[in-house]
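Okay, so here's the structure we're looking at.
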Amino acid sequence: MRTLAEIREATRGREIAALSFGSQLDGVVAADAAGEPLRPAIIWADRRAGDQCAAVASRIDRERLRELTGCNLDPGHIAPKIGWLAANEPEAFEAAATFAPPGSWVAWRASGTLAVDPSNASSTGLLDPRERAWAQEACAAFEVDPERLPPVRRADAVLGPILPWLREATGLDAETLVVLGAGDEMAATLGAGVVEPGVVCDVLGTAEPVCAVVGEPAHDASGLVELHPHADPDSWLLENPGWLSGGAYRWFRDELGSPEMTRAAESGADVYELLDDLAACAPPGSAGVSWVPALAGAMAPEWNASARAAWFGMTAAHTRAHLARALLEGNALALRDVIEAIAGAGHAPREVVCVGGGARGRLLCELRAHITGLPVSVPEDVETTARGAAMIAAAGAGLHPSVAAAAAAMAGPRLPPVQPDPELRGVYDDLHRRHRELYAALRPLFNGA
């Protein structure tokens, strides 16, 4: 509300036609019929519902579930979390009139109308992404009554004008419309102007979601990428929800980056720029050191909640610079895993667009270009999620004829792309091979074999 009030104050004399939301996926708010939460939201990072996934796997084949929903059976999705509530907090479960993703709940509170867009609905693991409707067979397997889920509507659906309480709290006009919105990854992809097939949006945040636009539903036999509706109602995404990428770099900063943190505090420099400078002191390939990007479980080269991070190949000759570069290279190697899976599904990308705070780092973009072999571009404004929500709001308010048209008109310019260095191709092909072999060697340990 404070942000909305500040925007209203900064735009006095101008009309704010509509607002919309780019919201956290894979979270759930259990709420009563009046919209009051019955407990704190369970967010995307909560993975307690492993037992519920095992129970569902005994009732329905995993591949059948992917066929129905485009999603893997994974505790990060919403449906297992609803099952966890039923098993562990039955009073809240029974009292809930609805189980809403966070963005749906916020839009409900702003407008008085409960609904969910297809991208957020897909994060439940209960949506048929082709029909953009609840999949009855999947709901039955998870023992979730679809009547307790929000109605599915388009991302650009107008829910109504803002309610009086929000108008009074922010100073917005009574005519300001509430447009439903989309999941944050979809909004970020849209905000980068990525609506055409052949382009991958790589979101460099705490996690690193990877989204590739496809013009028709597609299937990845490996299970590394899921199928979700895009914020643009006329397209879909092959998407990996991302591994702890920026979060791993933050962990390195906190645990091993005290010299850079001290220098940043003294000089006012950005600590991540200093860490990038440190990593750049090590050669491509980090002199044989590899990082397994699984600080919160692995999402590439497979989804494995039991996987754990590691540096491998260290000797007494290696330094913090080698460890830092290996960490950054490991994250880029995971991106290559995902891009190869997208290509295997019949949609080989030709370009990567990086967004999010990490996209400000030149080294991070260079590594992604050299390791994937694809040009990497960055928008001038890397924080594209809010821009994507604004595009949806503009389409819903009728300022543009479609979400895709709003994206074409409102996307910011991109900087010249970073091109892959052909002289590094062999280095990074070898590194990627070692990355896959290292994971395969560790996999029995992860899985308790």
Quick check on this structure: which one of L114, L25, L65 is part of a helix (DSSP H, G or I) and either at pLDDT 95 or above or on the phi < 0 side of the Ramachandran plot (or both)?
L65
Strands (runs of 3 or more DSSP E) wholly inside segment 267-363 containing at least 2 residues that are farther than 22 Å from R443 by Cβ, in contact with a helix residue (DSSP H, G or I) (Cβ under 8 Å, 6 or more places away or on another chain) and open to solvent by less than 40 Å² (accessible area, probe 1.4 Å)
351-355
Taking segment 68-103 on its own, how many of its residues are more than 22 Å from L238 (Cα to Cα), part of a helix (DSSP H, G or I) and not polar (S, T, N, Q)?
14
Name the single residue that is nearest to A54 (Cα to Cα) among those in segment 129-157 being part of a helix (DSSP H, G or I) and among the acidic types (D, E).
E137
On the given criteria, is L244 among the aliphatic types (A, V, I, L, M), out of contact with any Cys (no Cβ under 9 Å at 6 or more places or on another chain), buried (at least 17 other Cβ atoms within 10 Å of the Cβ) and under 26 Å from S23 (Cβ atoms)?
yes
Can you name the residue in segment 251-266 that is open to solvent by 70 Å² or more (accessible area, probe 1.4 Å) and either charged (D, E, K, R) or in contact (Cβ under 8 Å) with a residue 24 or more places away in the chain (or both) and, of all such residues, is farthest from L323 (Cα to Cα)?
E266
Of the residues that sit in segment 400-417 and are buried (at least 16 other Cβ atoms within 10 Å of the Cβ) and among the hydrophobic types (A, V, I, L, M, F, W, C), which one is farthest from P197 (Cα to Cα)?
M410
Members of segment 131-158 found to be surrounded by fewer than 24 Cβ atoms within 10 Å (Cβ to Cβ) and in contact with a Gly (Cβ under 8 Å, 6 or more places away or on another chain), listed by number
E143, V144, A157, V158
Filter result for A54 (among the hydrophobic types (A, V, I, L, M, F, W, C), open to solvent by 20 Å² or more (accessible area, probe 1.4 Å) and either in contact (Cβ under 8 Å) with a residue 24 or more places away in the chain or closer than 16 Å to A30 by Cα (or both)):
no
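The values are calculated or read from the model by the stated rules, or taken from the named source; none is laboratory data. Keep in mind the model is a prediction, meaning the values are calculated, not measured. All Cβ positions, even for glycine, are placed from backbone atoms using ideal geometry, and neighbour counts span all protein chains on display. Note: areas computed on protein heavy atoms with side chains; ligands, DNA, RNA excluded. Shrake-Rupley method; radii C 1.70, N 1.55, O 1.52, S 1.80 Å.
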